[in-house]
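To start, the structure itself, in structure tokens.
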Amino acid sequence: MKTISYSNHLKSRQTGISYLAMRLILLVLVAALFTGCALNLVTGRNQLSLVNESEMQLMAVDQYKTFLDGNKVLSSGNREAAMVDRVGARISNAILKYYNAQGMGSVLEGYNWEFNTVENESANAWCMPGGKVVVYTGLLPLTQSETGLAIVMGHEIAHAIAKHGSERMSQAMMQQLGGVALQVALSQKPQETQELFMMSYGIGSQLGALLPWSRQQETEADQYGLIFAAMAGYNPNEAIPFWERMSNAGGANPPEFLSTHPSDETRIRKLKQFMPEAMKYYNQTK
């Protein structure tokens, strides 16, 4: 009679459990990919969307307030802050008018625009879901003009309207949780959820699948940011010298395949490809 040791039996059982667990995770991942993809009305492509926009906007309100409370916000009477407000108003009004005319007002559902300028030497700006925008004073020496600023703000606003934050957060959820218990993570782990939310607006990605997605998002933001700035009456051609200045200020960059952003050369080449379309919108404003 053949004898099977307890240790071998336990190992076999563990292997079986691991196999079942892997199958379960795989099934959940496949289901999430099929049910969690939605057509983006701005970009026209399907994107992973496991977190709905209303939840993203609620988190954005909290994170935005926390950020402003912890930073020096310039008053609206400040010349630089007034310029940020002016550019933001022109771009947001142009976007609202355009999407309403196209019968796609749902793109901006829940948006309550806010524009703030913070005293910070970093060359940075961002826009959260729902239209919560921040520009750092350290960016302004590089933008050099109101049109240069419009190029950057159009780019950041395009990220939000194209729901890139939701897509990044959904990808992070899939990567970290295997797609399991998303609603539990959202409702019972607020700190982890906040960290994922903030990571969606930072570098934080890992090599492999997420980096190409991030580069695609950057290219989309470049393309639609040009259009948004142009619709607001800002000459999109300013994008080329602006990004050339950014390239010169950035120093040595990692190879493109190691970066979340396109290389400077790739970005400028594609901006030139997008320029004729953007100019059509700009010419309509004259």
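FYI, it's all coordinate maths here, none of it is from the lab. Just so you know, these numbers come straight off a predicted model, no measurement behind them. We place every Cβ from the backbone using ideal geometry, glycine too, and count neighbours over all the protein chains shown.
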Formal net charge of residues neighbouring Tyr136 (Cβ-Cβ distance under 10 Å; K, R +1; D, E -1): -2
Relative packing of 98-105, 268-275, 142-149, which averages over residues the other C-beta atoms within 10 Å, highest first: 142-149, 268-275, 98-105
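What list do you get for Arg90, Arg79 if you sort them by fewest beta carbons within 10 Å?
On the way: Arg90 20, Arg79 7.
Exposure proxy ranking, most exposed first: Arg79, Arg90.
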For the range 59-64, take each phi angle, set θ = phi - 60°, evaluate the Karplus expression 6.51 cos²θ - 1.76 cosθ + 1.60, and give the result in whole Hz per residue in order, putting x for glycine and proline. 5, 4, 4, 5, 5, 5
Each residue of the range 232-237 in turn: what ³J(HN,Hα) in whole Hz from Karplus with 6.51, -1.76, 1.60 and θ = phi - 60°, glycine and Pro shown as x? 7, x, 9, 5, x, 4
